[in-house]
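A.B. asks: I am attaching a structure below and will ask some questions about it afterwards.
All of the numbers you see were taken from the coordinates with simple rules; none came from a lab. This one's a predicted model, so the numbers in the text were calculated from it and none came from an experiment. Cβ atoms come from the backbone with ideal geometry, glycine included; neighbour counts cover every protein chain shown.
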Amino acid sequence: MCFNARFLLKMALKRAQHNHSKDAAYWEGLLRQWDEWFLVSGFAHPKVVLYNNLEPFDPVPYNWGLVPGWAKTKESIWNNTLNAKSETMFEKPAFRKAAETQRCIIPAAGFYEFHHFRNKAYPFYIYPKAQEQTFYFAGLWDEWVNPVTGEILKTFSIVTTRANSMMAQIHNQPQSGEGPRMPVILPETLTDEYLKPLSRKQVLELCEPYPETLMEAHTVKCISGKNSPGNVPEANEKFEYPELSFGGQEEQLKLF
């Protein structure tokens, strides 16, 4: 799944900068205006910069946790819609409209996932193998109107798929019985394609596991609870656990 991630504004704005001729002051203004997320949980419902199919080159902040237009309250659903399974998103009431016509891409520096060993959870940070590259998560978006205030809430969900071999080793204790998962990561060359009007078959063909050869991973310190470093640049720094002797006798993880 994908419940914790790292979203850096400079990475998020690259797509817009490549397609818009704005001066430096404009982009600096956006950097000051929007929040930076070095480590953030989807359950905090942060505003994250993304690109939707209606404005494919304009960055807009959306709250993480999709709230469909028919929901009575945002609290009743958005903790359950942080992720959307690609295999069922065209069927689930919360996602089916968005899966058909309201897709988006979410630029991310990386994401965090837990590996379980001897009844303990160890956080991993997963990121692009090539420096300065960006993960582009496939997403769905929707808008919800607050019936009391009339405020429009823009929200999104990250689409997930079955895990590649690397992520299957890390995400070894999935919450569901359907096996390890990972976010759908689109190659940059296919980001525009995902935002086009497509058939269900075409969308699902894009929701394949990202090649593990293009990913890196390492363990980090606790990312939740009172011992979490919080939203700080150092949150993704490598931290080794002696009991996880990768490739050794205790825990056979061949990630590198």
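A.B. asks: Of Tyr51, Tyr26, Tyr136, which has the largest mean-square fluctuation in a 10 Å C-alpha GNM of the chain?
C.D. replies: Checking each option, the largest mean-square fluctuation is seen for Tyr26.
A.B. asks: Counting each DSSP H run of 4 or more residues in the chain as -39500 (n - 2.57), what helix-only mean residue ellipticity at 222 nm follows after dividing by all residues, to the nearest 500 deg cm²/dmol?
C.D. replies: One gets -4500 deg cm²/dmol as the mean residue ellipticity at 222 nm.
A.B. asks: Report the net charge of residues surrounding Ala99, where surrounding means a beta-carbon distance below 15 angstrom and charges are Lys +1, Arg +1, Asp -1, Glu -1.
C.D. replies: Charge balance near Ala99 sits at +3.
A.B. asks: If you don't mind, another one. Do any GluC sites (Glu not before Pro) in the stretch 158-234 lie in a loop, going by DSSP, with at most 12 other beta-carbon atoms within 10 Å of their beta carbon, and if so which?
C.D. replies: Loop-located and lightly packed - Glu178.
A.B. asks: Provide the net charge surrounding Phe156, with neighbours chosen by a C-beta distance below 14 Å and charges set as Lys +1, Arg +1, Asp -1, Glu -1.
C.D. replies: Summing Lys/Arg as +1 and Asp/Glu as -1 gives +2.
A.B. asks: Could you give the length gained by full extension between Glu75 and Thr88, i.e. 0.36 nm per residue of separation minus their alpha carbon distance, to one decimal place?
C.D. replies: Gain on extension, Glu75 to Thr88, equals 2.4 nm.
A.B. asks: Quick one: longest stretch of the chain between exposed loop trypsin sites (Lys or Arg not before Pro), exposed meaning at most 14 other C-beta atoms within 10 Å and loop per DSSP?
C.D. replies: 130-225
A.B. asks: Something else now. Pairs Lys129/Lys238; Lys74/Lys226; Lys14/Lys47; Lys72/Lys226; Lys10/Lys221: which exceed 23 Å Cα-Cα?
C.D. replies: Over 23 Å Cα-Cα: Lys74/Lys226; Lys72/Lys226; Lys10/Lys221.
A.B. asks: Who wins for biggest fluctuation among Ala24, Ala84, Ala99 in a Gaussian network model of the chain, springs between alpha carbons below 10 Å?
C.D. replies: Comparing Ala24, Ala84, Ala99 in a Gaussian network model of the chain, the most mobile one is Ala24.
A.B. asks: Let me ask something else about it. Given springs between every Cα pair under 10 Å in a Gaussian network model of the chain, which of Ser157, Ser21, Ser86 has the largest fluctuation?
C.D. replies: Between Ser157, Ser21, Ser86, it is Ser21 that shows the largest mean-square fluctuation.
A.B. asks: What fraction of the DSSP beta bridges in the chain is antiparallel, stated in percent and rounded to the nearest 5?
C.D. replies: Here the antiparallel bridges make up roughly 90 percent for the chain.
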